[in-house]
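Visitor: Below: one structure in structure tokens.
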Amino acid sequence: MDQVKIGKYIAECRRKQNLTQEELAEKLGITYKAVSKWECGKGLPDASIMISLCQILKISVNDLLSGEKVDQDKYQKKLEENIIDTIDYSNKKVLAKNKLIYEMIMFFGLGLIFIAFTIYPSDSSWGSIHSTMGLLISTFGFINIKKDRTILKKLFLGISYFMLGFILLVVIDYSNVILNKVAPRFSYSIKTTESMIIYKAPLCNVYRINRNTKNEYYIVDTKKSYTEDTIPITPFNRDKAGIDNISKFKNKYVGNNSNDSHLIDSLPLAEYGYVFEIDSKNLKLTINYHITDWYINENAYLEKCLLYNTISIFSLIDNVLEINYNFSGKSYTVSRSQVENLYPNFDKIVDQEINKDNFNKYVENKINDNTFVLNTFNKIFI
């Protein structure tokens, strides 16, 4: 069926009847844009108005579908051809409409996945539920875009599309976990203990430690080498205060204000606000915290912080000899000589360079031992 030829024929017949596109459209109860579309060969009149159109143009339906006046001796043959062409055109139109519908369903599913990843936080189960639903919807749309597919072919394509899509979602989720250190969306196991939440995902295990506190941090175990008993746990934010981060602030001399400030800012208690002073002559460092000491002393948290901060500062600033910690309630003073003489294995933590493994072994791993913390604190602090 030649739409361009039919369009030209409609325009020719319309002009013979001295009608404009607007006038013809008004008689048919449609917009003139529809008439223009026919005459440009971009569409055909609907079956519901085809007879009315032919009556107005004073032609037969057979003439209209042929795009010309049909001779009487060819009328029957042309009619049969036009019937076949009309059925074929209608089928193609239905198929095109159905294809558009299934494409919209497929992209709606993909949109649902995007919304699930952007709106819901990573630790919300709704993110994985809605993204999986979106993938199922998208899969349904994908396998039905073409109607000539057999059931077996649809089944194969559907399983393949869903599996590849799910793998892609898991990889995207894994990348988000690695880059941003958050809980994985696609966890097949979640265990909550007193001190942490453990997420087991296909590509990694994630430990959420000190959950819902100021010192919450995540450890992403890509090798799945840790267990609940061996995972490093500190009462501080390990991402910020851990030796892997603070070791970059190692300096030979106290007095580098920028370096000293960054180091103190990374250590525990900085979240409560502070100012610091440097006595370059006597090589002393004074830190004034904007909080009272008793306010943060639950479970020996104050002693743990001061002990950890002290070992960190003496390990990373080579020539500082004394540190004063001032709170609105009390002050604490510690000297390098006291630490060197009384803190167990301090000499193994630092020599020419900081030994990260020994720092974790003799400082980080000891911080959770309240007996060790209190005994050592009382020995070295004045």
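Visitor: Relative contact order of the chain: what whole-number percent is it, with Cα pairs under 8 angstrom and at least 6 residues apart?
Guide: Answer for the chain is 8 percent.
Visitor: Grab segment 134-225 and count how many Lys pairs have their alpha-carbon atoms under 22 Å apart, sequence gap of 8 or more, or different chains.
Guide: Step by step, the pairs that qualify in segment 134-225 add up to 12.
Visitor: Using the Cα atoms as the points, what is the convex hull volume per residue of segment 3-70 in Å³?
Guide: 68
Visitor: Go ahead and estimate [θ] at 222 nm for the chain from helices alone: -39,500 (n - 2.57) per DSSP H run with n ≥ 4, summed, over the residue count, rounded to 500.
Guide: Computed ellipticity for the chain at 222 nm equals -17000 deg cm²/dmol.
Visitor: Another question, then. Taking residue 93 as the anchor, which aspartates and glutamates have their alpha carbon closer than 13 Å to its alpha carbon, excluding any fewer than eight residues away along the same chain?
Guide: 46, 85
Visitor: On to the next question. What lysines sit close enough to residue 284 to cross-link, taking a C-alpha to C-alpha distance under 29 Å and skipping anything fewer than 8 places away on the same chain?
Guide: Within the straight-line cut-off, residue 284 pairs with 240, 248, 250, 252, 304, 330, 348, 356, 361, 366, 379.
Visitor: Once you have the alpha carbon radius of gyration of the chain, what is it after dividing by 2.2 N^0.38 Å, with N set to its residue count?
Guide: Working it through for the chain, the quotient is 1.83.
Visitor: Continuing with the same structure: Assign one of three labels to segment 217-287, namely rounded, prolate or oblate, based on the Cα gyration tensor with a ≥ b ≥ c the square roots of its eigenvalues; rounded applies when a/c is under 1.5, prolate when it is not and a/b is larger than b/c, and oblate otherwise.
Guide: Note, shape of segment 217-287 comes out prolate.
Visitor: Hey, for a label at residue 382 modelled as a point 7 Å past Cα toward Cβ, could you say which residues of segment 299-337 have their backbone N under 15 Å away?
Guide: Hits in segment 299-337 for residue 382 at 15 Å: 321-326, 331-337.
Visitor: Along the charge dipole of the chain, which of 310, 225, 290 sits closest to the positive end, that is, farthest toward it, with unit charges on the beta carbon of Lys, Arg, Asp and Glu (+1, +1, -1, -1)?
Guide: 225
Visitor: If you don't mind, another one. Can you tell me how much longer the chain between residue 155 and residue 115 gets when fully stretched, taken as 0.36 nm per residue apart minus their C-alpha distance, in nm with one decimal?
Guide: 11.7 nm
Visitor: Turning to a different aspect of this structure: Could you tell me whether segment 94-180 comes out rounded, prolate or oblate from its Cα gyration tensor? Rule is a ≥ b ≥ c as square roots of the eigenvalues, rounded for a/c under 1.5, then prolate if a/b exceeds b/c, otherwise oblate.
Guide: Cα axes put segment 94-180 in the prolate bin.
Visitor: Just to verify a number: FRET efficiency for residue 286 and residue 164, C-beta to C-beta distance, R0 = 45 Å, to 0.05?
Guide: E between residue 286 and residue 164, to the nearest 0.05, is 0.15.
Visitor: Taking 0.36 nm per residue of separation and subtracting the Cα-Cα distance, what length does fully extending residue 27 through residue 342 add?
Guide: 103.1 nm
Visitor: Could I ask something else about it? To the nearest 20 debye, what is the magnitude of the charge dipole of the chain about its Cα centre, counting +1 on the Cβ of each Lys and Arg and -1 on the Cβ of each Asp and Glu?
Guide: About 1440 debye.
Visitor: A further question on this structure: Given the C-alpha centroids of segment 117-191 and segment 88-116, what is the distance between them in whole angstrom?
Guide: 19
Visitor: Right, here's the next one. Per residue Cα convex hull volume for segment 1-116, in cubic angstrom?
Guide: Each residue corresponds to 114 Å³ of Cα convex hull volume.
Visitor: If I stretch the segment between residue 50 and residue 190 completely, what's the gain in nm (0.36 nm per residue apart, minus their alpha carbon distance), one decimal?
Guide: Taking 0.36 nm per residue and subtracting the Cα distance, the gain is 43.9 nm.
Visitor: Given segment 239-380, report the % of alpha carbon pairs whose separation exceeds 21 Å.
Guide: In whole percent, the long-distance tail amounts to 37.
Visitor: For the chain, build the charge dipole from Cβ charges (+1 Lys, Arg; -1 Asp, Glu) around the Cα centre, then report which of 169, 203, 190 sits farthest towards its positive end.
Guide: Value computed over the given set: 169.
Visitor: Also: Tell me, what are the semi-axes, in whole angstrom and largest first, of the equivalent ellipsoid of segment 198-249 as set by the roots of 5 times the Cα gyration tensor eigenvalues?
Guide: Working through the eigenvalues yields semi-axes of 20, 14, 9 Å.
Visitor: Which residue, chosen from 45, 65, 25, occupies the Cα position most advanced towards the positive end of the dipole of segment 3-70, where the dipole is computed from +1 (Lys, Arg) and -1 (Asp, Glu) charges on Cβ about the Cα centre?
Guide: Of the options given, the answer is 65.
Visitor: Near residue 58, which lysines are there with a Cα under 26 Å away, not counting those fewer than 8 places off in the same chain?
Guide: Partners found: 5, 8, 16, 27, 33, 37, 42, 69, 74, 77, 78.
Visitor: Which shape class applies to segment 114-164: rounded if a/c is under 1.5, otherwise prolate when a/b exceeds b/c and oblate if not, where a ≥ b ≥ c are the square roots of the Cα gyration tensor eigenvalues?
Guide: Prolate shape, in that a/c is at least 1.5 and a/b is the bigger ratio.
Visitor: I would also like to ask the following. Choose one answer from 236, 166, 372: the residue with the largest mean-square fluctuation in a GNM of the chain with alpha-carbon springs under 10 Å.
Guide: 372
Any read-out appearing in this document is the output of simple, stated calculations on the displayed coordinates, not a laboratory observation. Just so it is clear, the model here is predicted, and its values are computed rather than measured. With ideal geometry, Cβ positions are generated from the backbone for all residues, glycine too; neighbour counts draw on all protein chains shown.
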